[in-house]
1. Can you give the relative contact order of region 22-63 as a percent, counting alpha carbon pairs under 8 Å and 6+ residues apart?
2. Might you report the magnitude of the Cβ-based charge dipole of region 140-217 about its Cα centre, with Lys and Arg at +1 and Asp and Glu at -1, to the nearest 20 debye?
3. Suppose the chain between Ala214 and Gln200 were pulled fully straight at 0.36 nm per residue; how much longer would it get relative to their current alpha carbon spacing?
4. Once amide H atoms are built 1.01 Å from N in the peptide plane, which residues 5 or more positions from Thr105, or in another chain, come under 5 Å H to H?
5. Of all DSSP beta bridges located in region 3-240, what percent are antiparallel, nearest 5?
6. Mind checking which of Leu129, His84, Gln200 is farthest towards the positive end of the chain's charge dipole, using Cβ charges of +1 (Lys, Arg) and -1 (Asp, Glu) about the Cα centre?
7. Hey, what do the phi angles of region 119-124 turn into as Karplus ³J(HN,Hα) couplings, whole Hz, using 6.51/-1.76/1.60 and θ = phi - 60°, x for Gly and Pro?
8. Please list, in chain and number order, the residues 5+ apart from Val93 or on another chain whose amide H is under 5 Å from its amide H, with Hs placed from the backbone.
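The values are calculated or read from the model by the stated rules, or taken from the named source; none is laboratory data. Keep in mind it's a predicted model, so treat the numbers as computed, not measured. Quick reminder, even Gly has a Cβ in these numbers, built from the backbone with ideal geometry, and neighbours come from all protein chains shown. Heads up: the accessible areas ignore ligands, DNA and RNA and are worked out on the full protein's heavy atoms, side chains in. Shrake-Rupley method; radii C 1.70, N 1.55, O 1.52, S 1.80 Å.
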Amino acid sequence: MPVTATPIPILKDNYAWLLRESATGATAIVDPADAQPVIEAIEKAGGRLDMILLTHHHADHTAGTEEVRARFGCPVVGAAADQHRLPRLDDAVREGDTVTLGNATARVIETPGHTRGQINFFFGDGAVLLSGDTLFSLGCGRLIEGTAEEMFASLRKLAALPPETMVCCGHEYTESNARFALAVDPDNAELHRFVGKVEQLRAAGQPSVPSVLADELKANPFLLAPDAAQFARLRAQKDRF
Ligand code: ZN
Ligand code: FE
């Protein structure tokens, strides 16, 4: 049965994601960096939590993990490659491993670039991608630990997912990403349409995410970059923007 994903705004501009598998009611939380709003959202959704998923070790994605684990007594899933700097993992996963939530299965995709051990989760049924700080709406993560080549390869993996995929990323950066995207690709009609929708959502106080992968593929400059060299130039340009 399909998985649905709801963004929970936390900290300054982060999102934790509440996932629910509709047949069994199984529930997961992704990147619970602030325990209190996350626990409130879980309680409101019925008070059930089956697992915590972590995309990477940064504090703005992990800081509330122990408190949420203690409250619900559920297992924590994260990257085997970063086990030494993540909260204690009950399930340390690698590329191609699967994670089961009720009747749904997520595939683990390793996407180094922002951090060495970054992972994303893809639920095929419901087409939900938890893209962490790899792919943002109209942007991508900074290269804190990885190379441009690594990040480019990671983004290509995500670009190959089904076009209807809902991109559930770790931050509300869309409007500032849009300003850069419009500066480097001013004649892109799809981008202008995309930004119009984002402005409406934000003006109404709504999250701009999730977005649809098909739309990102036509508007996100980092997904439109044809090769690693041009991606590297674009990423460096954005860092100075
Ligand atoms: Zn990060
Ligand atoms: Fe982050």
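1. On the way: 45 pairs, mean separation 21.6, N = 42.
Over region 22-63, the number comes to 51 percent.
2. Numbers: 7 positive and 12 negative charges, 26 e Å.
Once rounded to the nearest 20, the dipole reads 120 debye.
3. Numbers: separation 14, 0.36 × 14 = 5.04 nm, distance 1.96 nm.
So the chain would gain 3.1 nm between Ala214 and Gln200.
4. For Thr105, the qualifying residues are Gly124, Asp125.
5. Details: 29 of 41 bridges.
Roughly 70 percent of the DSSP beta bridges within region 3-240 come out antiparallel.
6. It is Gln200, whose Cα lies furthest towards the positive end.
7. Result, rounded to whole Hz: 10, 10, 10, 10, 8, x.
8. Amide H neighbours of Val93: Gly78, Ala79, Ala80.
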